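Participant: This is the structure, below, for whatever I ask next.
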Amino acid sequence: MSLLNKLLSFIENIFIYHILRLWGLSILYILRFFSYKSESTKKYLDDNTLNDIPKKKGIFHPQNKEHIIRLIKVARSNHATIRVVGSGHSVWEAIYAQNDNCIHIILGGDFKKIHSIDISSNGNFALVNVGAGCHLGRDPNDKESSFENSFNFQVDQKGYALPILGGMSHQTIAGFLQTSSSGGSLKHGIADVLEEIEIINGKGETVILNKKTNEDKFNASVVSMGLFGIITRVTFNLPKKYSVEGTEINKEFKDSLLVNDKGHYQKLHDALKNNEYFHMNWFPQKYVQRTSQWNGKLVSPDLPKKPYKHLLKEKFMNVLAALALRISNLTDILIGGNFAQRIIGLVLRTFVRIRNPVHFRDLWFKVLPNDDQADVDRLMKTSYTEIWFPLEKIDEVMNTLERLFRRKPSYAGTFAIELYGAKNSPYWMSPSYKRDVFRVNPYWWGRNLGDPYEFFEEFWKVLLPIDGARLHWGKYLPKPGEIYGEHIFGIYYLRHCYPKLNNWLDIREEMDPDQIFVTYYWRRVFDIRKNI
Ligand SMILES: Cc1cc2nc3c(=O)[nH]c(=O)nc-3n(C[C@H](O)[C@H](O)[C@H](O)COP(=O)(O)OP(=O)(O)OC[C@H]3O[C@@H](n4cnc5c(N)ncnc54)[C@H](O)[C@@H]3O)c2cc1C
């Protein structure tokens, strides 16, 4: 065989091996997906003592506290795991039990309702007591969820508002709190308005935790990933409603806030600091190099409205976007190299077009969760890993990412990376505990061929060694035991990141001595040893 032939067959082998491997990984990924079970174990579904509690698709829907206490009692006496599903937007393992002895619940009845709204004497605030299973906005996956019974709509009708929301508002109140979800703002956080939570712990006791009178336990429990108990009620002290006025604009990288001055990303830093609400999608692919920037500020709700319109508001546009992502993903896999980057550039640039800025002004709950208008639960379903850094690490983070994409352009992926911030939080396990943060949120389109872990790994490898990095609890986490820089992801690393972790684990044990809320996934992350 000539040298040329040998070379060609070598290249062919690598090429075929690479594609087979990706197909293999995709099949494994799909199989893993189908192996996920959300049903409770059959013996509990058939249990006579539980048969008055409504069930749907193998999940209990307790309507009141007595139902929950009974479910906890049964779980406790059978050494079963009991987990609450919010709107199911976190990674599967963060929510469900991974064993065959489990009870899964979705809060129903009273837990989806607002119980009281007490307006302060000057009318400036409203103390709102609400069931923890109430959705913030409308959840398209829940047939009973509507715009009218959403938390946001109801409090807005009374003239009050939450100061912040995430990029979409399908979440339940407890689900949002438990993973420390946050909107893009250094000025507003959910902790500004959260007053009290009611939680039923692993002993079946109702515990009411107030921000002032039970400061430590409250700050430990708000972000606890379902590991402390079942949150049943929440009380907010809400300010008056407002509108958000802002602009969405796409820019070439060279004209964007990401341009640095000798390695300093001052413009990005200032945008995070000075805008009341800000987030940006960065398309770092070699031949895309564009950004889509969204910023807003709080204004009077009486000003005339100019509704926000998402590029993916129409179904047709979601289909086109999905097609573009499919083409980009296949091109990356089948062709690879610079030619693939050129095609990806061509395809994605048609979506991130340079056009006139779009201005909007509308009520807070219609504008802040701007991705509510896109089909984020189906065609545009996306997986994420999200890393939060102290704000002052912005230069190091951005330089690291730019170096990564220069070294290997395909690591830029075929979608976007969201860059935004979050206000410092008093909650012990919040990734923004005691510091304002800059967040990096790489997107992996849910229908891509390949394994999101492999994609996210590249980010973890370069970003987790940066001091102060912490991960979003509801998104992809590295596997415990994996090494990143000088750290092994797991309990030692987390202790280093979260100064109150030991105290948090002590309170966890006190709240749930029989470990009925502990799953295999969280046991490994926090090294929670089984009771002997
Ligand atoms: C399209 C999309 C957009 C997103 N945008 C943002 C964003 O802008 N900012 C951000 O920070 N995050 C964002 N996220 C992440 C999302 O906010 C979190 O995953 C959030 O936890 C989801 O809430 P949920 O109601 O779906 O809860 P789930 O995902 O169902 O549950 C989350 C955790 O809370 C626990 N839990 C739920 N209810 C209770 C309860 N009553 N008592 C005790 N434990 C409970 C669950 O067991 C689980 O551990 C986004 C996710 C998606 C898919």
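The values are calculated or read from the model by the stated rules, or taken from the named source; none is laboratory data. These numbers come from a predicted model, not from an experiment. Ideal geometry is used to build each Cβ from the backbone, glycine not excepted, and the neighbour counts take in all protein chains shown. Protein only, heavy atoms only, side chains kept; ligands, DNA and RNA dropped before computing areas. Shrake-Rupley method; radii C 1.70, N 1.55, O 1.52, S 1.80 Å.
Participant: Checking the condition more than 16 Å from the ligand (Cβ to nearest atom) and surrounded by fewer than 23 Cβ atoms within 10 Å (Cβ to Cβ), which residue from LYS217, LYS286 passes? Working first, answer last.
Facilitator: Values: LYS217 fails: more than 16 Å from the ligand (Cβ to nearest atom).
The match here is LYS286.
Participant: Under 20 Å from the mean Cα position of the chain (by Cα), at pLDDT 95 or above and within 23 Å of ASP377 (Cα to Cα), is that true of LEU136?
Facilitator: Details: under 20 Å from the mean Cα position of the chain (by Cα): yes; at pLDDT 95 or above: yes; within 23 Å of ASP377 (Cα to Cα): yes.
Against the criterion (under 20 Å from the mean Cα position of the chain (by Cα), at pLDDT 95 or above and within 23 Å of ASP377 (Cα to Cα)), LEU136 qualifies.
Participant: Right, another one. Which ones in segment 137-168 are within 16 Å of the ligand (Cβ to nearest atom) and of a type in the set (Gly, Ala, Ser)?
Facilitator: GLY137, SER145, SER150, GLY166, GLY167
Participant: Follow-up. Restricting to segment 322-331, name every residue that is surrounded by 16 or more Cβ atoms within 10 Å (Cβ to Cβ), out of contact with any Gly (no Cβ under 8 Å at 6 or more places or on another chain) and within 15 Å of GLY413 (Cβ to Cβ). Spell out how you get there, then give the answer.
Facilitator: Taking segment 322-331 and keeping what is surrounded by 16 or more Cβ atoms within 10 Å (Cβ to Cβ), we get 322, 324-329, 331.
Filter once more, so that each one left must be out of contact with any Gly (no Cβ under 8 Å at 6 or more places or on another chain): 322, 324-328, 331.
Correct list: ALA324, LEU325, ARG326, ILE327, SER328, THR331.
Participant: Separate question: Looking for whichever is farther than 27 Å from LYS286 by Cα and surrounded by 21 or more Cβ atoms within 10 Å (Cβ to Cβ) here; the options are PRO431, PRO426. Which one fits? First the steps, then the outcome.
Facilitator: Working: PRO426 fails: surrounded by 21 or more Cβ atoms within 10 Å (Cβ to Cβ).
One residue alone meets the criteria, PRO431.
Participant: If I filter segment 182-197 for residues that are more than 13 Å from the ligand (Cβ to nearest atom), small (Gly, Ala, Ser), open to solvent by less than 10 Å² (accessible area, probe 1.4 Å) and over 22 Å from GLN63 (Cβ atoms), do I get at least one hit?
Facilitator: No, there is no match, as no residue in segment 182-197 is more than 13 Å from the ligand (Cβ to nearest atom), small (Gly, Ala, Ser), open to solvent by less than 10 Å² (accessible area, probe 1.4 Å) and over 22 Å from GLN63 (Cβ atoms).
Participant: Every residue in segment 353-366 that is surrounded by fewer than 18 Cβ atoms within 10 Å (Cβ to Cβ) and not in a strand (DSSP E or B), please.
Facilitator: Narrowing segment 353-366 to residues surrounded by fewer than 18 Cβ atoms within 10 Å (Cβ to Cβ): 353-359.
Across segment 353-366, the qualifying residues are ARG353, ILE354, ARG355, ASN356, PRO357.
Participant: A further question follows. Examine segment 75-84 for a residue that is touching a Gly at 6+ places or on another chain (Cβ under 7 Å), within 11 Å of the ligand (Cβ to nearest atom) and under 24 Å from PHE236 (Cα atoms), and state whether such a residue exists.
Facilitator: yes
Participant: Another question, if that's okay. Determine, yes or no, whether ASN51 is more than 28 Å from GLN178 (Cβ to Cβ), at pLDDT below 95 and open to solvent by 40 Å² or more (accessible area, probe 1.4 Å).
Facilitator: no
Participant: Oh, and also: Looking at (1) open to solvent by less than 50 Å² (accessible area, probe 1.4 Å); (2) at positive phi; (3) at pLDDT below 95, can you tell me which one GLY490 breaks?
Facilitator: All conditions are met except number (3).
Participant: Another question, then. Given segment 478-532, what helices (runs of 4 or more DSSP H) lie entirely inside it while holding 2 or more residues that are of a type in the set (Ser, Thr, Tyr)?
Facilitator: On the way: elements: 491-497, 501-511, 520-526.
Helices (runs of 4 or more DSSP H) meeting the threshold: 491-497, 520-526.
Participant: Could you grab me the full set of residues in segment 434-466 that are part of a loop (DSSP other than H, G, I, E, B) and over 25 Å from SER224 (Cβ atoms)?
Facilitator: Here is the first cut: in segment 434-466, the ones part of a loop (DSSP other than H, G, I, E, B) are 434-436, 446-451, 464-466.
GLY446, ARG447, ASN448, LEU449, GLY450, ASP451, PRO465, ILE466, listed by residue number.
Per-residue answers, yes or no, for (1) more than 23 Å from SER180 (Cβ to Cβ); (2) aliphatic (A, V, I, L, M):
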residue: SER425; (1), (2): no, no
residue: VAL440; (1), (2): no, yes
residue: LYS461; (1), (2): yes, no
residue: HIS472; (1), (2): no, no
residue: GLY481; (1), (2): yes, no
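Participant: Return the residues of segment 446-487 that are more than 21 Å from ARG524 (Cα to Cα), within 16 Å of the ligand (Cβ to nearest atom) and crowded, with 22+ Cβ neighbours inside 10 Å; say none if nothing qualifies.
Facilitator: ASN448
Participant: Also, quick follow-up: For ASP110, work out the one condition from (1) more than 27 Å from SER300 (Cα to Cα); (2) at pLDDT 95 or above it doesn't fulfil.
Facilitator: Among (1) more than 27 Å from SER300 (Cα to Cα); (2) at pLDDT 95 or above, the lone unmet condition for ASP110 is (2).
Participant: Quick test for you: out of LYS315, LYS273, pick the one residue that is touching a residue at least 40 places away in the same chain (Cβ under 8 Å), open to solvent by 30 Å² or more (accessible area, probe 1.4 Å), within 25 Å of the chain's Cα centre (by Cα) and farther than 19 Å from LYS366 by Cα.
Facilitator: On the way: LYS315 fails: farther than 19 Å from LYS366 by Cα.
Matching residue, one of LYS315, LYS273: LYS273.
Participant: Which members of segment 100-132 meet the condition of being of a type in the set (A, V, I, L, M) and either open to solvent by 70 Å² or more (accessible area, probe 1.4 Å) or within 14 Å of the ligand (Cβ to nearest atom) (or both)? Outline the logic, then answer.
Facilitator: First, the residues of segment 100-132 that are of a type in the set (A, V, I, L, M): 103, 105-107, 114, 117, 119, 126-128, 130, 132.
Residues satisfying the conditions are ILE103, ILE105, ILE106, LEU107, ILE119, LEU127, VAL130, ALA132.
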